[in-house]
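A quick write-up on the structure given underneath.
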Amino acid sequence: MSELCRQLEWDSHFFGRRIARIENDRLTTQSLDDVLAWCREQGTECLYFLCSPEDDSSVALAESANFHLVDVRVELNWKAQPSITPSANAIREFQEADLARLQLIASQAYANTRFSYDDHFSPERVAELYKEWLTGSCRNALHKVFVAENQNAPVGFITCQFDNSDVGCIGLLGVGNEAQGKGYGQQLVQAAQQFFNLAGAREVRVVTQGRNIAAQRIYQSCGFRTYKIGLWYHKWF
């Protein structure tokens, strides 16, 4: 079944539920039957499916099998170039003393994700997910984390890494509630663009949610363009 579906060990451990994911972005009647039979044999509790919006038959099959649409995944990219306006606000690299404050921001910043819109996952556990994700990036020597500060206090962050030798990836962007609407998000993205450009990236990619219009506007204002979307479904057994 590895070509059709796989067990997600990290997700299963973190949420305390047996979770699997369909590997392909399209379904047939036969592949769906095979996946559902395998999930029942494995005792799967939740099944993720990232569906191509271009294949209406896959959408219909998922809906007929009681999959629930939880998110529209929006992927944007930017072709690296040197003409990035320097940030006006104080943007600097992460320091260990920032961590507690950034963890708090991360625990509050992601109310638009697919996990937040699936009430099988508690809000507390979802908040912990993004807190752990941020912490992992801050402590990973292969990642770069930039911090926005106001009056010497961290008010936002952005995490950066390379997917391969010349494709950069923005992982998380978060701004504290009290700092919303003051330009920090845009300037954090610009700091990431400067970093990736100097590091030799050909392209930078980022994923956000269809319902997160604010994030899409920030990325678009920095020259990112949507290049792919997908439909996230969850099925609970």
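How high is the relative contact order of the stretch 87-168, in percent, with contacts defined as C-alpha pairs under 8 Å that are six or more residues apart?
34
Taking the number of other C-beta atoms within 10 Å as the exposure measure, put TRP10, TRP38, TRP236, TRP78 in order starting with the fewest.
TRP10, TRP236, TRP38, TRP78
Using θ = phi - 60° and the Karplus curve 6.51 cos²θ - 1.76 cosθ + 1.60, what whole-Hz ³J(HN,Hα) does each residue of the stretch 214-220 get, with Gly and Pro shown as x?
4, 5, 4, 5, 4, 5, 5
Using each residue's phi in the stretch 37-47, evaluate 6.51 cos²θ - 1.76 cosθ + 1.60 at θ = phi - 60° and report the 3J(HN,Hα) Karplus result to the nearest Hz, with x for Gly and Pro.
5, 4, 4, 5, 5, 7, x, 4, 9, 9, 10
Using amide H atoms built 1.01 Å from N in the peptide plane, name the residues 5+ places from ASN112, or on other chains, whose amide H lies under 5 Å from its own.
none
On a full-extension model of 0.36 nm per residue, what is the gain between ARG6 and ASN24, subtracting their alpha-carbon distance, rounded to one decimal in nm?
5.4 nm
Report, by chain and number, residues whose modeled amide H sits under 5 Å from the one on GLY156, excluding near sequence neighbours (fewer than 5 apart, same chain).
Sorted by chain and number, the residues that satisfy this are ALA148, GLY176.
If a/c stays under 1.5 just call it rounded; otherwise compare a/b with b/c (prolate if a/b is bigger, oblate if not). Do that for the stretch 172-220, with a ≥ b ≥ c from the square roots of the Cα gyration tensor eigenvalues.
Since a/c reaches 1.5 but b/c is at least a/b, the shape of the stretch 172-220 is classed as oblate.
From the Cα gyration tensor of the stretch 1-84, with a ≥ b ≥ c the square roots of its eigenvalues, which class applies: rounded if a/c is under 1.5, or else prolate if a/b is larger than b/c, or else oblate?
On the way: a/c = 2.41, a/b = 1.50, b/c = 1.60.
It is oblate, given that a/c is not under 1.5 and a/b is not larger than b/c.
GLU23's amide H: which non-local residues (gap 5+, or another chain) put their own amide H closer than 5 Å, with H modeled 1.01 Å from N in plane and none for Pro or chain starts?
CYS5, ARG6
Run lengths n ≥ 4 of DSSP H only: what is the helix-derived mean residue ellipticity at 222 nm for the chain, with -39500 (n - 2.57) per run over all residues, to the nearest 500?
Using -39500 (n - 2.57) per qualifying helix, the result is -10500 deg cm²/dmol.
Give, as a single signed number, the net charge of other residues whose beta carbon lies under 13 Å from the beta carbon of GLN194, with Lys and Arg counted +1 and Asp and Glu -1.
Numbers: positive: ARG92, LYS144; negative: GLU93.
So the surrounding residues net to +1.
Mind checking the angle between helix 123-138 and the chain's longest principal axis? C-alpha axes, 0 to 90 degrees, to the nearest 10.
Roughly 50 degrees, rounded to the nearest 10.
Would you mind counting up the charge near ASP166? Only other residues with Cβ under 15 Å from its Cβ, with Lys and Arg at +1 and Asp and Glu at -1. Before the final figure, lay out the partial values.
Details: positive: LYS79, ARG202, ARG205; negative: ASP163, GLU203.
Residues near ASP166 contribute +1 overall.
For GLN108 and GLU128 in the same chain, what is the full-extension length gain: residue separation times 0.36 nm, less their Cα-Cα distance, in nm? If you can, show how the numbers build up before the last one.
On the way: separation 20, 0.36 × 20 = 7.20 nm, distance 0.96 nm.
Value of the extension gain: 6.2 nm.
For the chain, what's the relative contact order in percent, using C-alpha pairs closer than 8 Å and at least 6 residues apart?
Contact order relative to length: 29 percent.
May I ask you to sort HIS234, HIS68, HIS120 by Cβ crowding, counting other Cβ atoms within 10 Å and putting the fewest first? Numbers along the way, then the final one.
Numbers: HIS234 20, HIS68 16, HIS120 13.
So the residues, fewest neighbours to most, are HIS120, HIS68, HIS234.
Between ASP55 and HIS143, what length comes free when the chain is fully extended (0.36 nm per residue of separation minus the Cα-Cα distance, one decimal in nm)? Provide the component values of the computation, followed by the final result.
Details: separation 88, 0.36 × 88 = 31.68 nm, distance 3.56 nm.
Additional length available on full extension: 28.1 nm.
Which whole-Hz ³J(HN,Hα) couplings does the stretch 97-109 yield from phi under the Karplus relation 6.51 cos²θ - 1.76 cosθ + 1.60, θ = phi - 60°, glycine and proline marked x?
5, 7, 4, 4, 5, 5, 4, 5, 4, 4, 6, 10, 8
Quick note: the coordinates plus some simple rules give every number you see, no bench work behind them. Fair warning: this is a prediction, and the values are worked out from it, not measured in the lab. For neighbour counting, all protein chains shown are included, and Cβ atoms are generated from backbone atoms with ideal geometry for every residue, glycine included.
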